[in-house]
Structure formats: C-alpha cells, structure tokens
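The values are calculated or read from the model by the stated rules, or taken from the named source; none is laboratory data. Since the model is a prediction, treat every value here as computed from it, not as a measurement. Cβ sites come from the backbone with ideal geometry, for glycine too, and all protein chains shown count toward neighbours.
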Amino acid sequence: MELQVLVSKKGTKVVRTSELYQVLELPVAQYARNVKKWINDVYEFRDGIRKPVKMQDFAPRPTKDPLLEDYYFSIELAKLITLNSHSRVKQKYARYLFSLEDKVENAELLTKEQVVAVLEMTKAMGLVSCQTASQQRHLETYEQRNGGSAANWWQFRSRLLGYSPDELREKAEKAGKTAKGKSQRQLLLAMDKYEMVRSGVIDLFMGMGKSERYARNLGDLAKIFARELRVDIFDDRPGTAPSFLPNVNSAVVQEIKGQESGALLALW
C-alpha cells in the first residue's frame, strides 16, 4: 500500500495519521492508544530533543467519525514515529519518508556569524576547562531529560561520540601505546587531540538542547577547524595551569563556562 503525501496551503508536506498507521500494519484495536502516545512522546527532531508541537509538527484532521481521532503529521514527525514503531515494514516507509525531506535542511545551515562563532569555539576548546564545563553542562541537561537521573549517562555519551573508554584503550594498545591507568582525556591527547575539541563542542550543543545529529555535525566541523588551525590542548584547570596559555577570546571562554552571558551562544 502506498502512503499518500499531501501538501498544505503553506507548502508543507504532511501525511494522515490514520493512513500511516494502516501502512505500518499496526494493530487496529490499539490505534487510539498508540496515536495518543505518538503525539506525547519525545523525539530527536532536527532542532532538538522534544515533544511534537501542535500546529508545527502535527495538526488535528477533521473527520466525520467522532470516535476517530485523526491528524496531519509533518514528514519529519512521521519518519521519527515510523522508526520508533514495532512495524515489520518500518524500514521501507522510513526510507520513503526520508526521501521526501529536503536534502539540505534550513535548520542545519550556518550563517556567516555562526561559522565565525564555531571557529572561536574551536580555539576555546583547546582549554581543558572549557571541555569539562561543556561536559558538565551536557550532563545536567541529560539529567533534566531523565527525571533527575544520570543513569546510563556514560553509555549514552559513548554512543553519541562513537567510542567508549575501553575501545580507546584497545585502539591505543594496538598502536603500541601505553593505555593502563590513563583516562579517556589522556588517551585522546596521545592519539587524537583534535577529538577532544570535537567532543567538547558536541557536549556544548547537547547541553544547549540541540539534537544529536546537529551537535555531531558541529563537532565534526570544529574538529576540521582544529586540525587546520593546529589547535593545541592546554590543561588550564586550577593547580595544573601551564606557564603560558594560547591566545583565545576570553569572553568566549567565559561564555562557554557559563560564567557570563554573551553573543556567541545567542546565535543558536
């Protein structure tokens, strides 16, 4: 069965909830319960992790049957619901919905000011104090989203970054480097110091409530900048500060640490 795509008066592509449910071959008797869960669940949208917003991600669809609640779903919401469903055909329809999304999303384009801001962040993330502050900010946001619990935090972050401490140790040992007793930061410093900049930027944007994809994209961009700029890593934390520090924008550093409000993060 084909899933019909409609276009609203504003040019937005949508699908009918009842039809999406039908093509996914989900239990008819559980329709009302599942649809209620769909519009109240939490998803990773392009602009962050949140619940669907009425009249933005979905809208009620008038029906002649007062017992049948139906909606119009945005393509993005329909895709996220499909991926999270238990349908045996979800891959087929998720691919189809993905093909309908714009290839370049406006939410992921950067302005000239944002590109410059990422450059400044990249330089600042050479300071371990900025990396640790961003990681703490990410942890606090994670706890807020999980009812105050930090359970599975490290597993979540490892999946987000694409590696775990154990995997780093194994990689270091294969490369002939000493891994025993070293922290993840020490391992990265010895193997790929620019990854420390990437992880710091990812933590920063996750702490701001952005989606995993958006945070990783900006982290990847920052790593490219860091490599081109040859950013060095300095442990500037109390008691470990080196005799000199790199020339970075102090206002940006204070903003990343959450000690001041500024124009940098306001761009997002």
Within segment 189-208, considering residues that are closer than 18 Å to Leu264 by Cβ and either of a type in the set (A, V, I, L, M) or not assigned by TED's automatic domain parsing to the domain that holds Ala124 (or both), the one nearest to the chain's Cα centre (by Cα):
Met206
Can you name every residue in segment 64-77 that is touching a residue at least 12 places away in the same chain (Cβ under 8 Å) and either more than 27 Å from Met208 (Cα to Cα) or not aromatic (Phe, Trp, Tyr) (or both)?
Leu68, Glu69, Asp70, Tyr71, Tyr72, Ser74, Ile75, Glu76, Leu77
Only listed residue being modelled with pLDDT of 90 or more, under 19 Å from Tyr43 (Cα atoms) and either surrounded by 12 or more Cβ atoms within 10 Å (Cβ to Cβ) or in contact with a Pro (Cβ under 6 Å, 6 or more places away or on another chain) (or both), chosen from Thr132, Thr141
Thr141
Only residues that are of a type outside the set (Lys, Arg) and in a strand (DSSP E or B): list them for segment 5-44, please.
Leu6, Val7, Val14, Val15, Tyr43, Glu44
Does Gly262 satisfy being surrounded by fewer than 16 Cβ atoms within 10 Å (Cβ to Cβ), within 25 Å of the chain's Cα centre (by Cα) and not basic (Lys, Arg)?
yes
So is Gly219 in the same structural domain as Cys130 (by TED's automatic domain parsing) and on the phi > 0 side of the Ramachandran plot or not?
no
If we scan segment 199-210, do we find a residue that is assigned to a helix (DSSP H, G or I) and touching a Cys at 6+ places or on another chain (Cβ under 8 Å)?
yes
Can you tell me how many residues within segment 166-182 are in contact (Cβ under 8 Å) with a residue 12 or more places away in the chain and not charged (D, E, K, R)?
3
Take the conditions more than 27 Å from the chain's Cα centre (by Cα), β-branched (Val, Ile, Thr) and over 29 Å from Asn217 (Cα atoms) and apply them to Val28. Does it pass?
yes
Just give me the residues in segment 191-219 being surrounded by fewer than 22 Cβ atoms within 10 Å (Cβ to Cβ), under 19 Å from Glu44 (Cα atoms) and free of Cβ contacts under 8 Å to residues at least 60 places away in the same chain, in sequence order.
Arg216
What helices (runs of 4 or more DSSP H) completely inside segment 69-154 contain at least 2 residues that are assigned by TED's automatic domain parsing to the domain that holds Val201?
112-124, 128-145
